[in-house]
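Engineer: The structure follows.
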Protein chains: 2
Amino acid sequence: METISENACFGGTQGVYSHTSASCNCDMTFGLFLPEEAQDGPVPLLWFLSGLTCTHENAMIKAGAQSWAAEHGIALVFPDTSPRGEGVADDDAYDLGQGAGFYVNATQAPWSSHFKMWDYVTEELPNLLEQNFALDMKRQAITGHSMGGHGALTIAMSLPGRFRSVSAFAPISHPTASDWGRKQLGAYLGDDQSTWAAHDSTLLMREKGFDGPMLVDTGTKDQFIDLLQPEALAEAVNTRRQQAVLRLQPGYDHSYFFIATFMEEHIAFHADALYA
Amino acid sequence: METISENACFGGTQGVYSHTSASCNCDMTFGLFLPEEAQDGPVPLLWFLSGLTCTHENAMIKAGAQSWAAEHGIALVFPDTSPRGEGVADDDAYDLGQGAGFYVNATQAPWSSHFKMWDYVTEELPNLLEQNFALDMKRQAITGHSMGGHGALTIAMSLPGRFRSVSAFAPISHPTASDWGRKQLGAYLGDDQSTWAAHDSTLLMREKGFDGPMLVDTGTKDQFIDLLQPEALAEAVNTRRQQAVLRLQPGYDHSYFFIATFMEEHIAFHADALYA
């Protein structure tokens, strides 16, 4: 693991690190904020999974999360959204290939040799973090934005007991029925749509739900709201009687200004679960 | 004036606007955050002047300032750091020309036809803001980072009565004696160093000081601290008995992580003065 940078930040350290990923078969970069408390022992960890076109960097510099994580003594990890590099397959479209891993393990060429973001985020990176940093992996929570909200919700529901709480900002909520989803799941997983269901929050909510509290915010003026389909997830959450707070925030769009606005409440929500 | 974008943000609106600038003889772009309270009437205004290489955008998306401005009902304006465009003179160096206006009125070719940032920030943009937005121009404060900290301090001291408070993050404090300053003041203002003194915070502090409270933060690990020369400003502040809080923050560097960390305190500092 190589240290790219470390900056003092809200009493802790905002680091950027790279490492050779066995899952993705390339070098991967991630951001990690450690609060001051990590100097004295392991701290809880909140994952932030980012959206289409983002790297590890966007949320790290634009979401204003470190302020609140420092207040609660929580670490933040910001993974990249896909494998990257010259040898890694890509597509001209912004929503496929590099920057658009969708948090799945691709099974189809040309994607299957590198695009293993599910394994990377659920196995390889957690192990790397546990080995190298003062993190209490028994106290994890997860959130994300857009494609990353999709990742947070699907991963949280698929790994019962791993995360104490889950939240999302403007998640892609029903990708098997959206142009943000059908294209990518088809490309990465192939035509057999039965393999897609494991990567659809609405379907997972109908099937199993989440064993903890859930918070989802979406802006009423989100320019992509028809692709996000919050109504599908809301129907599934309500039918299941899932413990959840689903909010439509008046006037907000899909931008990081929306994320930053509600970050304080999301981190406080996770802190309640992490310190329960 | 043209609206480039408006995003809901912390209950208010983060806007980006462009206009034809008479001072700079080109189109200029700025960011303006209006808190929710601006819907009901004029609100106080805090200026944030940015550093070398920045546009209006950097602080707007990376400083985390809107959160605290919203809490105090204060507007934020983020001007660009120089004139820009194909017809505008530039230099290969990052610290001269576009992105490096130094908040002066250039008198020397090739800069003098566009580089009038002093007039732009002290006259043209304030007038434009007053005419177009719900701002109480009797309640203004000013801050900035690095070159922008230099701008904030020099402008505040040069316009007594305009700003109720001034602060700075890692300001270039003594440019007439620094490689961040001598090169640019020479290029923009010419060889007669008597014209440079009006743009040096340390010299202005010795000469006149500021008629209000002052707050300055610099990181002890700032990689540019030898260029910033906080010790020169500190000596002048102390000799004058200027009302001021000068802080060296242990471990912090020159980055936006440093700015974001102390933004809450800077905005609270200005709020005290703006609502006094």
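Engineer: Could you give each residue of the stretch A:241-247 its phi-based ³J(HN,Hα) in whole Hz, using Karplus coefficients 6.51, -1.76, 1.60 with θ = phi - 60°, and x for Gly or Pro?
Structural biologist: Result, ordered by residue: 6, 5, 4, 6, 10, 10, 10 Hz.
Engineer: If you don't mind, another one. Can you put A:Thr261, B:Thr195 in order of accessible area, largest first, using a 1.4 Å probe? Mind dumping the intermediate values first?
Structural biologist: Numbers: A:Thr261 20, B:Thr195 55 Å².
Ranked from most to least accessible, the order is B:Thr195, A:Thr261.
Engineer: What ratio of Cα Rg to 2.2 N^0.38 Å holds for the stretch A:130-203?
Structural biologist: On the way: Rg = 13.9 Å, N = 74, 2.2 N^0.38 = 11.3 Å.
Normalised by 2.2 N^0.38 Å, the Cα Rg of the stretch A:130-203 equals 1.23.
Engineer: Find the eigenvalues of the gyration tensor of the Cα atoms of the stretch B:220-271, then list the square roots of 5 times those eigenvalues as equivalent ellipsoid semi-axes, largest first, in whole angstrom. Each step should come with its number before you reach the end.
Structural biologist: Values: eigenvalues 81, 61, 10 Å².
After diagonalising the Cα gyration tensor, the semi-axes are 20, 18, 7 Å.
Engineer: Where the label is 7 Å out from Cα toward Cβ, how close does A:Asp136 come to the same position in every other copy, in nm, shortest first?
Structural biologist: Those label-point separations list as 4.5 nm.
Engineer: Quote the charge dipole size of chain A about the Cα centre in Debye, to the nearest 20; the model charges only the Cβ of Lys and Arg (+1) and of Asp and Glu (-1). Don't skip to the end; give the middle numbers.
Structural biologist: Values: 15 positive and 34 negative charges, 144 e Å.
Charge dipole of chain A: 700 debye, to the nearest 20.
Engineer: I've got another one for you. Taking 8 Å as the Cα distance limit and 6 or more residues as the minimum spacing, I'd like the relative contact order of chain A as a percentage.
Structural biologist: Here the relative contact order equals 17 percent.
Engineer: Do any residues of the stretch A:59-79 show a loss of at least 40 square angstrom of accessible area between the isolated chain and the full protein assembly, using a 1.4 Å probe, and if so which?
Structural biologist: Buried by the other chains: A:Ile61, A:Lys62, A:Trp68.
Engineer: Follow-up question, since we're still on this one. Report the Stokes-Einstein translational diffusion coefficient (µm² s⁻¹, integer) for the stretch B:162-276, Rh taken as the Kirkwood radius over Cα pairs, at 10 °C with viscosity 1.306 mPa s. Mind showing how you got there, number by number?
Structural biologist: Numbers: Rh = 14.9 Å.
So the translational diffusion coefficient is about 107 µm²/s.
Engineer: Could you pull the Rg and Dmax for the stretch A:72-115, using just the Cα atoms, both in Å?
Structural biologist: In Å, with Rg to one decimal and Dmax whole: 12.9, 44.
Engineer: Using +1 on the beta carbon of Lys and Arg, -1 on that of Asp and Glu, and nothing else charged, what's the dipole of the protein assembly as shown about the Cα centre, debye to 20?
Structural biologist: 940 debye
Engineer: Starting at the first residue of the stretch B:178-187, write each ³J(HN,Hα) from the Karplus equation 6.51 cos²θ - 1.76 cosθ + 1.60 with θ = phi - 60°, in whole Hz, x for Gly and Pro.
Structural biologist: 9, 5, 8, x, 4, 4, 6, 5, x, 5
Engineer: Using modelled amide H (1.01 Å from N, peptide plane; none on Pro or chain starts), what sits under 5 Å from the amide H of A:Ile172, excluding residues fewer than 5 places away?
Structural biologist: HN-HN under 5 Å from A:Ile172: A:Ser146, A:Met147, A:Gly149, A:His150.
Engineer: Starting from the amide H of A:Phe115, placed 1.01 Å from N in the peptide plane, find each other amide H under 5 Å away whose residue is 5 or more places distant or on another chain.
Structural biologist: Under 5 Å from the amide H of A:Phe115: A:Ala106.
Engineer: What's the percent breakdown of Cα-Cα distances in the stretch B:26-90 across 5 Å bins, shortest bin first?
Structural biologist: Spelled out per bin, shortest first, that is 4, 18, 25, 20, 14, 10, 5, 4, 1.
Engineer: Counting pairs of alpha carbon atoms under 8 Å apart in space and at least six apart in sequence, what relative contact order in percent does the stretch B:174-230 give? Working shown, then result.
Structural biologist: Numbers: 32 pairs, mean separation 26.0, N = 57.
In percent, rounded to a whole number, it is 46.
Engineer: For the stretch B:17-126, what is the per residue volume of the convex hull drawn over the alpha-carbon atoms, in cubic angstrom? Display every interim value, and only then the final one.
Structural biologist: Values: hull volume 10.6 nm³, N = 110.
Expressed per residue, the convex hull around the Cα atoms of the stretch B:17-126 is 97 Å³.
Engineer: Something else about it: Of all the residues in chain A, which one has the C-beta that comes nearest the axis relating A to B, and what is the distance in Å?
Structural biologist: Axis relating chain A to chain B; nearest Cβ residue and distance: A:Gly64, 2.
Engineer: Hey, another quick one. Expressed as a whole number of Å, what is the distance separating the alpha-carbon centroids of the stretch A:240-266 and the stretch A:139-214?
Structural biologist: Cα centres, the stretch A:139-214 to the stretch A:240-266: 17 Å.
Engineer: Roughly what % antiparallel, to the nearest 5, for the DSSP beta bridges in the stretch A:2-274? Write out the running numbers ahead of the final one.
Structural biologist: Values: 22 of 43 bridges.
If I count the DSSP bridges inside the stretch A:2-274, around 50 percent turn out antiparallel.
Engineer: Quick one: which bits of the stretch A:1-25 get at least 40 Å² less accessible when the partner protein chains are in, versus the chain alone, with a 1.4 Å probe?
Structural biologist: By number: A:Asn7, A:Ala8, A:Phe10.
Engineer: Please go through the residue pairs B:Lys116/B:Lys138; A:Lys116/A:Lys138; B:Lys138/B:Lys183; A:Lys62/B:Lys116; A:Lys62/B:Lys208 and name each one whose alpha carbons sit more than 29 Å apart in this structure. Don't skip to the end; give the middle numbers.
Structural biologist: On the way: B:Lys116/B:Lys138 24 Å; A:Lys116/A:Lys138 24 Å; B:Lys138/B:Lys183 36 Å; A:Lys62/B:Lys116 31 Å; A:Lys62/B:Lys208 39 Å.
Where the Cα-Cα span goes over 29 Å, the pairs concerned are B:Lys138/B:Lys183; A:Lys62/B:Lys116; A:Lys62/B:Lys208.
Engineer: On average, how many beta carbons from a partner chain sit within 10 Å of the beta carbon of a residue in B:251-262?
Structural biologist: 5
Engineer: Additional query: Share of chain B's accessible area from carbon and sulfur, percent, 1.4 Å?
Structural biologist: Numbers: 4660 of 10110 Å².
With neighbouring chains kept in place, the figure for chain B is 46 percent.
Engineer: In square angstrom and rounded to 100, what buried accessible area do you get between chains A and B, total over both, with the probe at 1.4 Å? Write down the numbers at each step before the final one.
Structural biologist: On the way: alone 10930 and 10920 Å², together 20230 Å².
Summing both chains' loss of accessible area gives about 1600 Å².
Engineer: Stokes-Einstein diffusion coefficient for chain A at 25 °C in a medium of 0.890 mPa s, Rh from the Kirkwood formula over Cα pairs: what value in µm²/s? All intermediate terms of the calculation are to be shown ahead of the outcome.
Structural biologist: On the way: Rh = 18.3 Å.
Taking Rh from Cα pairs, D becomes 134 µm²/s.
Engineer: In whole Hz, what ³J(HN,Hα) sequence does the stretch A:35-51 give by Karplus (6.51, -1.76, 1.60; θ = phi - 60°), x for Gly and Pro?
Structural biologist: So the J values, rounded to whole Hz, are x, 3, 4, 5, 5, 9, x, x, 10, x, 10, 10, 8, 10, 9, 8, x.
Engineer: What distance in nm separates the simple spin-label points at B:Asp27 and A:Ala22, each placed 7 Å from Cα in the Cβ direction?
Structural biologist: Result: 5.3 nm between the two label points.
Engineer: Please work out the average accessible area per residue across chain A, using the 1.4 Å probe convention, and give it in Å². Each step should come with its number before you reach the end.
Structural biologist: On the way: 10120 Å² over 276 residues.
Value for chain A: 37 Å² per residue.
Engineer: Can you give the helix-only mean residue ellipticity at 222 nm for the protein assembly as shown, where every DSSP H stretch with n ≥ 4 adds -39500 (n - 2.57) and the sum goes over all residues, rounded to the nearest 500 deg cm²/dmol? If you can, show how the numbers build up before the last one.
Structural biologist: Working: 18 runs with 166 residues, N = 552.
Value at 222 nm, helices only: -8500 deg cm²/dmol.
Engineer: Are there any chymotrypsin sites (Phe, Trp or Tyr not before Pro) in the stretch B:43-111 that are in a DSSP loop and have at most 13 other Cβ atoms within 10 Å? List them by number.
Structural biologist: Working: sites: B:Trp47, B:Phe48, B:Trp68, B:Tyr94, B:Phe102, B:Tyr103, B:Trp111; in loops: B:Tyr94, B:Phe102, B:Tyr103, B:Trp111.
When the chymotrypsin sites (Phe, Trp or Tyr not before Pro) of the stretch B:43-111 are filtered for loop state and at most 13 Cβ neighbours within 10 Å, B:Tyr94 remain.
Engineer: Taking only the Cα atoms of the protein assembly as shown, how large is their convex hull per residue, in Å³? List each step's numbers first, then the result.
Structural biologist: Numbers: hull volume 82.9 nm³, N = 552.
Roughly 150 Å³ of hull volume per residue.
The values are calculated or read from the model by the stated rules, or taken from the named source; none is laboratory data. Treat the numbers as computed from the prediction; the structure is a model and nothing was measured. Note that each Cβ is placed from the backbone with ideal geometry, even for glycine, and that neighbours are counted across all protein chains shown. These accessible areas exclude ligands, DNA and RNA; they are computed on the full protein's heavy atoms, side chains included. Shrake-Rupley method; radii C 1.70, N 1.55, O 1.52, S 1.80 Å.
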